[in-house]
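Data block below; observations after.
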Amino acid sequence: MTIMNKSRLWLIPAAFFLVCCVLNLYGCLTDGSVEQIVKPSLMTLLCATTLAYLYGRTGASGTDVALLVTAQLFGFAGDTMLLGSGFIFFAGGIGLFLIGHVFYITLFGRTSLKGLKGWQWAVGIAGAVACAAALAFGIGVNGVMLAPMGIYALALMMLIFSTLMGVIRKGGCTWWILLCGALLFTFSDSLIAVRNFGNLSPFMSGFGVMSTYLLAQSLLAIGGVRLILNRKNAR
């Protein structure tokens, strides 16, 4: 197989991913049975697209690729878990996404957070904690779920922090893509929290959550791949 053919392999899983995105969103607007069938394939196809794109482009760090793919696979696990109903499935899904965020933060932070001074870390973490608390309380989370949802919100804020510092310290289109992905992920998860702890219309609880989530994961994949290849070229 030629290098040219290898470089285009990603178009196959990408096409299936786009089709499944459309089907999933259609399912959100109908009876939901289509979404139940299609949803588990979304992140696996995005992961396959990521690997296929990097396959024809040698020199990328194996550690970076592993971090990005692992984050995506935890997204697949979280999606699948959230298809169930009840507290166990909700808590399990959120926990799996939390682990995925740790891998995203590690990947992005290897560049954006490297060399930060102590006071910069203190300001960033304090800001993340304050924003996480405001988000949890603002949504109306209380009782036994306050602590776990607060921790999850903190992970989201650290994801935003790691990409925002990339925009501030490094600049460039890649970091703006990643920041938009992190912000959309937070918005999507906020809709899920409002659905579970407050009042949200069926349209926003289904279509709104998934449309912003799929765009967020796509932007994080695109930005992650660009970041990995930029590191390769910088060596």
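The values are calculated or read from the model by the stated rules, or taken from the named source; none is laboratory data. Just so we're clear, the structure is a prediction, and the values are computed from it rather than from any experiment. Note that we place each Cβ from the backbone using ideal geometry, even for glycine, and neighbour counts take in every protein chain shown.
Quick notes on this structure:
- Cβ separations smaller than 6 Å between residues 6+ apart or across chains give no pair from region 110-137 residues that are modelled with pLDDT of 85 or more to residues that are charged (D, E, K, R).
- Condition met for Cys20 (free of Cβ contacts under 8 Å to residues at least 40 places away in the same chain and either in contact with a Lys or Arg (Cβ under 7 Å, 6 or more places away or on another chain) or part of a helix (DSSP H, G or I) (or both)): yes
- Neighbours by Cβ (under 7 Å, 6+ apart or cross-chain): first from region 156-176, free of Cβ contacts under 8 Å to residues at least 60 places away in the same chain; second of a type in the set (Asp, Glu): Leu156/Asp189
- If you go through region 165-187 and keep only what is over 15 Å from the mean Cα position of the chain (by Cα) and surrounded by fewer than 20 Cβ atoms within 10 Å (Cβ to Cβ), you end up with Val167, Ile168, Arg169, Lys170, Gly171, Gly172, Cys173.
- Some residue of region 71-92 being of a type in the set (Ser, Thr, Tyr), part of a helix (DSSP H, G or I) and in contact (Cβ under 8 Å) with a residue 60 or more places away in the chain: no
- Qualifying residue in region 98-110 (condition: in contact with a helix residue (DSSP H, G or I) (Cβ under 8 Å, 6 or more places away or on another chain), surrounded by fewer than 19 Cβ atoms within 10 Å (Cβ to Cβ) and not in a helix (DSSP H, G or I)): no
- Every test in (1) out of contact with any Leu (no Cβ under 6 Å at 6 or more places or on another chain); (2) crowded, with 17+ Cβ neighbours inside 10 Å is passed by Ala126 save one, and that test is (2).
- Tally, over region 164-189, of residues that are at pLDDT below 95 and of a type in the set (S, T, N, Q): 2
- Only one of Thr63, Thr44, Thr80 that is closer than 26 Å to Leu229 by Cβ, out of contact with any strand residue (DSSP E or B) (no Cβ under 8 Å at 6 or more places or on another chain) and at pLDDT 90 or above: Thr44
- Qualifying residue in region 6-14 (condition: at pLDDT below 85, of a type in the set (Lys, Arg) and out of contact with any Ser or Thr (no Cβ under 9 Å at 6 or more places or on another chain)): yes
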